[in-house]
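Before any comments, here is the structure.
The values are calculated or read from the model by the stated rules, or taken from the named source; none is laboratory data. All figures in this text were calculated on a predicted structure; none of them were measured in a lab. FYI the Cβ positions are ideal-geometry reconstructions off the backbone, even for glycines, and counts take in every protein chain you see.
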Amino acid sequence: MNAETIFHVDHLDLFYGDKQALKQIKMDIKRNKITALIGPSGCGKSTFLRCLNRMNDLVDGCKVSGTIELDGNDIHSTQMNVVDLRTKVGMVFQKANPFPMSIYDNIAYGPRCQGIKSKKILDEIVEQSLTKAALWEEVKDRLQESAFGLSGGQQQRLCIARAIAMEPEVILMDEPTSALDPISTSKIEEMAMELKKDYTIIIVTHNMQQAARVSDETAFFLMGEMVEFDETKKIFQQPSDKRTEDYITGRFG
């Protein structure tokens, strides 16, 4: 496993009961890159994303086999603490889900759970996280107001800031802009491109233009299989598989 690889995935199968949702997925995800997962609805891309921080453990009847290594460590081993894993691999969902508390407390919640009590340190974490999420200037004078008073795009950036506050290595984003207007979308895309200096980002998107704009590498999923995985430019300009080409040119999906 080379230094560039953060996630090594090999022979990954996933079943929900009798239904196989992922089939023999093999890929190496690179550190400090944005990897996009594309494909039609129900193709397995969000299911795969949730494997990377074991969110699927919460689903009844879900069985996973194969290997997923993070920094060379098997995430399914008995030594792996799931809470630690989800701290290292943060998640941002399709629909913004701020906690019913102030903007400040949304960000400080995780660090407080980790035992940080100092107001000075919490203040620093809140400011740094909101700055990285391109939200600080917009909310610095209203930190004690409810997070529900923010717009949809601001709420989504708040959720990204909340993930950053935990100092993850990886940020998973499951269609983070699908409910947002074009201006909010472009803010999140710009922020993601800035964040990859410090984090590895894996984004599920239905929006092919978005994948082409922001990602370094793209994986195309179809019916539970990963059809093709390569540099984004190659996937969009010279895909190796006819099915990838058909999807990208809009013949199906």
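Name the one entry in Ile34, Ile25 that is of a type in the set (Val, Ile, Thr) and over 15 Å from the mean Cα position of the chain (by Cα).
On the way: Ile34 fails: over 15 Å from the mean Cα position of the chain (by Cα).
None of the others qualify; the one that does is Ile25.
Would you check if there is a residue in segment 192-210 being of a type outside the set (Lys, Arg), without any contact (Cβ under 8 Å) to a residue 40 or more places away in the chain and on the phi > 0 side of the Ramachandran plot?
Scanning segment 192-210, I find no residue that is of a type outside the set (Lys, Arg), without any contact (Cβ under 8 Å) to a residue 40 or more places away in the chain and on the phi > 0 side of the Ramachandran plot, so the answer is no.
Just checking, which of Thr185, Thr200 is buried (at least 18 other Cβ atoms within 10 Å of the Cβ), out of contact with any His (no Cβ under 7 Å at 6 or more places or on another chain) and at pLDDT 95 or above? Explain how you work it out, then say what you get.
Details: Thr185 fails: at pLDDT 95 or above.
Criteria check complete, one pass: Thr200.
Quick test of your reading of the structure: Glu245 fulfils all but one of (1) modelled with pLDDT of 95 or more; (2) over 22 Å from the mean Cα position of the chain (by Cα). Name the failing condition by number.
That leaves (1) as the condition not met.
For segment 41-57, name all the residues that are in a loop (DSSP other than H, G, I, E, B) and closer than 17 Å to Arg86 by Cβ. It would help to see each step written out before you state the result.
Step one: of segment 41-57, the residues in a loop (DSSP other than H, G, I, E, B) are 41-44, 52-54.
Hits for segment 41-57 are Leu52, Asn53, Arg54.
Quick one: Glu145 ticks every box in (1) more than 27 Å from Leu49 (Cβ to Cβ); (2) out of contact with any strand residue (DSSP E or B) (no Cβ under 8 Å at 6 or more places or on another chain) except a single one, so which number is it?
It fails just one condition, (2).
Table: residues versus (1) in contact with a strand residue (DSSP E or B) (Cβ under 9 Å, 6 or more places away or on another chain); (2) modelled with pLDDT under 95; (3) under 17 Å from Thr218 (Cβ atoms).
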site: Asp18; (1), (2), (3): no, yes, no
site: Lys23; (1), (2), (3): yes, no, no
site: Ala36; (1), (2), (3): yes, no, yes
site: Ile68; (1), (2), (3): yes, no, no
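Out of the residues in segment 82-133 meeting the condition of being among the basic types (Lys, Arg) and touching a residue at least 60 places away in the same chain (Cβ under 8 Å), tell me which one is farthest from Leu58 (Cα to Cα). Outline the logic, then answer.
Of segment 82-133, the ones among the basic types (Lys, Arg) are 86, 88, 95, 112, 117, 119-120, 132.
Add one more test, that the residue is touching a residue at least 60 places away in the same chain (Cβ under 8 Å), and what stays is 88, 95, 132.
On the way: Lys88: 18, Lys95: 19, Lys132: 30 Å.
The extreme case among them is Lys132.
Among the residues that make up segment 58-72, is at least one of them part of a helix (DSSP H, G or I), acidic (Asp, Glu) and touching a helix residue (DSSP H, G or I) at 6+ places or on another chain (Cβ under 9 Å)? Break it down stepwise before answering.
From segment 58-72, those part of a helix (DSSP H, G or I) are 58; that's our starting set.
Applying the additional criterion that residues be acidic (Asp, Glu) yields none.
No, there is no match, as no residue in segment 58-72 is part of a helix (DSSP H, G or I), acidic (Asp, Glu) and touching a helix residue (DSSP H, G or I) at 6+ places or on another chain (Cβ under 9 Å).
Consider only pairs whose beta carbons are under 7 Å apart and that are at least six residues apart or on different chains; among these, list those whose first residue lies in segment 39-56 and is on the phi < 0 side of the Ramachandran plot and charged (D, E, K, R) and whose second residue is crowded, with 20+ Cβ neighbours inside 10 Å and assigned to a loop (DSSP other than H, G, I, E, B).
Lys45/Gly39
Go over the candidates Gly115, Gly110, Gly149 one by one and state the one that is surrounded by fewer than 21 Cβ atoms within 10 Å (Cβ to Cβ), farther than 30 Å from Gly42 by Cβ and touching a helix residue (DSSP H, G or I) at 6+ places or on another chain (Cβ under 7 Å).
Values: Gly115 fails: touching a helix residue (DSSP H, G or I) at 6+ places or on another chain (Cβ under 7 Å); Gly149 fails: touching a helix residue (DSSP H, G or I) at 6+ places or on another chain (Cβ under 7 Å).
The match here is Gly110.
Take Glu138 and decide whether it is under 17 Å from Glu194 (Cα atoms), modelled with pLDDT of 95 or more, surrounded by fewer than 19 Cβ atoms within 10 Å (Cβ to Cβ) and not hydrophobic (A, V, I, L, M, F, W, C). Step through it out loud before you land on a result.
Working: under 17 Å from Glu194 (Cα atoms): no; modelled with pLDDT of 95 or more: yes; surrounded by fewer than 19 Cβ atoms within 10 Å (Cβ to Cβ): yes; not hydrophobic (A, V, I, L, M, F, W, C): yes.
When the stated conditions are applied, Glu138 does not pass them.
Just need a number here: residues in segment 89-111 that are at pLDDT below 95 and among the charged types (D, E, K, R).
Residues that pass the stated criteria total 1.
Restricting attention to segment 73-107, report how many residues are assigned to a loop (DSSP other than H, G, I, E, B) and either touching a Cys at 6+ places or on another chain (Cβ under 9 Å) or buried (at least 20 other Cβ atoms within 10 Å of the Cβ) (or both). Before you say what the answer is, go through the steps one by one.
Of the residues in segment 73-107, the ones assigned to a loop (DSSP other than H, G, I, E, B) are 75-81, 93-101.
Keeping just the survivors that are either touching a Cys at 6+ places or on another chain (Cβ under 9 Å) or buried (at least 20 other Cβ atoms within 10 Å of the Cβ) (or both) gives 75, 93, 96-98.
Total satisfying the criteria: 5.
Of the residues that make up segment 158-165, is at least one among the small types (Gly, Ala, Ser), under 15 Å from the mean Cα position of the chain (by Cα) and over 18 Å from Met101 (Cβ atoms)?
Taking every residue of segment 158-165 in turn, none turns out to be among the small types (Gly, Ala, Ser), under 15 Å from the mean Cα position of the chain (by Cα) and over 18 Å from Met101 (Cβ atoms).
Scanning segment 15-29 for residues that are touching a Leu at 6+ places or on another chain (Cβ under 8 Å) and more than 16 Å from Leu172 (Cβ to Cβ), which turns out surrounded by the most Cβ atoms within 10 Å (Cβ to Cβ)?
Ala21
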